[in-house]
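Right, one structure below, let's go through it.
Rule-based calculations on the coordinates, nothing more; no lab input. The structure displayed is predicted, hence computed values, not measured ones. Cβ sites come from the backbone with ideal geometry, for glycine too, and all protein chains shown count toward neighbours.
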Amino acid sequence: MKLTPSRFRSLITLVGFWVVSVVVILTLMELISWAILAGYGWLHPDYYEKALQCPAYAQAAWVPEYLREQRLWEESNSGQKYVPFRLWGNTEWHGKYINADPSDVGVWRRTLNPTAADCKIRNQTVVWMFGGSTVFGTGVPDWATLPSYLSHSLNRSGHGCLLVRNLGVEAYVSTQELILLMEKLKEGSRPDVVIFYDGVNDAWAWTRAPDPRLAHFWTDLIRARVDGTIRGRFDFIYKTHLVSLVHLLRAGFRRRVAPVTHSPAQAAIVVDNYEANLQLARMLSQARRVTFYSFLQPSLEYGHKPLVPYEQELLSEWPRSDSEPFRLVYEEAQRRSAQAGSVDLTGLFDSVSEPIYVDGLHLGPRGNEIVADAIAKYIEEHPGGGPSPTDKEHQGNKAGERE
């Protein structure tokens, strides 16, 4: 059939009609999805509205303003940026309650340390603290982060001056922390003390990756972008209200289906990887004459803390598909904490009846203060470093070194 000018115009008109129709339909669906999500949000308070009533904040006057700033921090997507090898890192941010400052070793969350007037330069002891969002301080202002409380606890005795640097990055697992430590030591920076504070992210991230040893968060998204798949090229679509509504509906359906099971053998691999990271971090520290400590952090999901109603509600919201593998990893990690050379803090809150959790993962000011006091006490009682690994392999290596 010969394509005449009139037929060509008709074809263009038809194609244009369908293109415009699809755009209009998608626009309407996006608006409808927005309206449904807005109604859902009105009926179901979001994280920030719920956090206003969190008893761990004790109705402090600063809470509403802080939560508004925390929302801006997350919605602006300014909290993280790409960095080589570690995939993402902190970016500079300045506010009233949240500050990430540039320094000679990178951009890090501000820690409240003794002022120069309170410190003699020649007596300074520099402490680097590594971890994920629980170290970074998600959920609390600068003054209430774990490193800020640790600085206060360590300097309380008045002997010398300890400056704590917060090297926490949201969503980091111990493998990324090991790489970060290696990078900074290679650059020539040398702290006096290194602290690894882990457990939650390593126990949670492995369900997001096919190989527990290579687990980190946002695996699918990053892989799709690097591989150049269709999803990677059009991942902006996943930020639309329509897709968000689909995910919400799927999440509601998944609560009614049988969860994916995870085996103790897989959990053991996660802990093997965690132990190996600690061993290498310890070796790097010893090679640079740096005192090394590692702490297995407590969590809401694992332990015997007397829960207040708010914390009970937080725990009930954990999907079983996450809680089961989390429990398996923590049971194995706790059993092997001495073998890994890590100080077990999982039972730290077993006698704490007051509210300390602001969400399923993060502590409020009082919780961070309790952890900081425990870490400071251990460091003061063990100035030479954390416990040595007790497994046969490490003992064999030490025997070989003596020979």
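Find the percent of Cα-Cα distances in the range 45-387 that exceed 30 Å, and round it to a whole number.
Numbers: 20965 of 58653 pairs.
Here the long-distance tail beyond 30 Å is 36 percent of all Cα pairs in the range 45-387.
What length, rounded to one decimal in nm, is gained on full extension from ILE237 through to TRP18, with 0.36 nm per residue of separation minus their alpha-carbon distance? Provide the component values of the computation, followed by the final result.
Numbers: separation 219, 0.36 × 219 = 78.84 nm, distance 2.04 nm.
Separation in residues times 0.36 nm, less the Cα-Cα distance, equals 76.8 nm.
Set the Förster radius R0 to 25 Å, insert the Cβ-Cβ distance between THR91 and ASP272 as r into 1/(1 + (r/R0)^6), and round the FRET efficiency to 0.05. Could the numbers behind the result be given before it?
Working: r = 33 Å, r/R0 = 1.32.
That pair, THR91 with ASP272, gives E of 0.15.
Just add up the charged neighbours of PHE295: K/R +1, D/E -1, any other residue whose Cβ is under 9 Å from the Cβ of PHE295.
Around PHE295, the surrounding residues sum to -2.
Taking amide H atoms as placed 1.01 Å from N in the peptide plane, list the residues 5 or more away in sequence, or in a different chain, whose amide H sits under 5 Å from that of VAL83.
Excluding prolines and chain starts, which carry no amide H, the hits are TRP88, GLY89.
Using a 10 angstrom cutoff on alpha carbons, build the Gaussian network for the chain and name the most mobile of PHE196, PHE295, PHE234.
PHE234
Compute the helix-to-body angle for 320-335: its Cα long axis versus the longest principal axis of the chain, expressed 0 to 90° and rounded to tens.
Orientation of helix 320-335: about 20 degrees from the principal axis.
Roughly how big is the range 189-241's charge dipole about its Cα centre, with Cβ charges of +1 (Lys, Arg) and -1 (Asp, Glu), in debye to the nearest 20?
Numbers: 8 positive and 7 negative charges, 60 e Å.
Here the range 189-241 has a charge dipole of around 280 debye.
Below 8 Å between Cα atoms, with a sequence gap of 6+, how large is the relative contact order for the range 45-387 in percent?
Details: 535 pairs, mean separation 65.8, N = 343.
Relative contact order, the range 45-387: 19 percent.
If you rank THR125, THR13 by fewest surrounding Cβ atoms within 10 Å, what's the result? List each step's numbers first, then the result.
Details: THR125 17, THR13 10.
Result, fewest neighbours first: THR13, THR125.
Mind pulling the angle between the C-alpha long axis of helix 392-402 and the longest principal axis of the chain? Nearest 10 degrees, somewhere in 0 to 90.
50
If r is the Cβ-Cβ distance from ARG156 to ASP104 and R0 is 41 Å, what FRET efficiency results, to the nearest 0.05? Please list the in-between numbers first.
Details: r = 27 Å, r/R0 = 0.66.
Using R0 = 41 Å, I get an efficiency of 0.90.
Would you compute, from DSSP H runs of 4+ residues alone, the mean residue ellipticity of the chain at 222 nm, taking -39500 (n - 2.57) per run and dividing by the full residue count, rounded to the nearest 500? Please report the intermediate quantities before stating the final value.
Numbers: 16 runs with 196 residues, N = 403.
Counting only the DSSP helices, I get -15000 deg cm²/dmol.
Could you pull the Rg and Dmax for the range 122-230, using just the Cα atoms, both in Å?
16.7, 59
Give me ARG225, ARG282 ranked fewest to most by other Cβ atoms within 10 Å of their Cβ, as a rough exposure proxy.
Working: ARG225 14, ARG282 23.
Ascending number of Cβ neighbours within 10 Å: ARG225, ARG282.
Of THR240, GLN124, PRO306, which is farthest along the charge dipole of the range 45-387 in the positive direction, counting Lys and Arg as +1 and Asp and Glu as -1 at C-beta?
With unit charges placed on the Cβ atoms, the residue in question is THR240.
Taking the Cα centre of the range 45-387 as origin, sum charge times position over the Cβ atoms of Lys and Arg (+1) and Asp and Glu (-1), and report the length of that vector in debye to the nearest 20. Working shown, then result.
Values: 36 positive and 40 negative charges, 147 e Å.
With Lys and Arg at +1 and Asp and Glu at -1, about 700 debye.
Have a look at the DSSP beta bridges in the range 45-387 and tell me what percent are antiparallel, nearest 5. Could the numbers behind the result be given before it?
Details: 11 of 31 bridges.
DSSP beta bridges in the range 45-387 are roughly 35 percent antiparallel.
Using Cα atoms only, what is the angle between the long axis of helix 5-43 and the major principal axis of the chain, expressed in degrees (0 to 90) to the nearest 10?
With rounding to tens, the tilt is 40 degrees.
Provide the per-residue ³J(HN,Hα) series for the range 224-231, in order, calculated from phi with Karplus coefficients 6.51, -1.76, 1.60 and θ = phi - 60°, each as a whole number of Hz, with x at glycine and proline positions.
Going residue by residue, I get 4, 5, 5, 6, x, 6, 4, 4 Hz, with x marking Gly and Pro.
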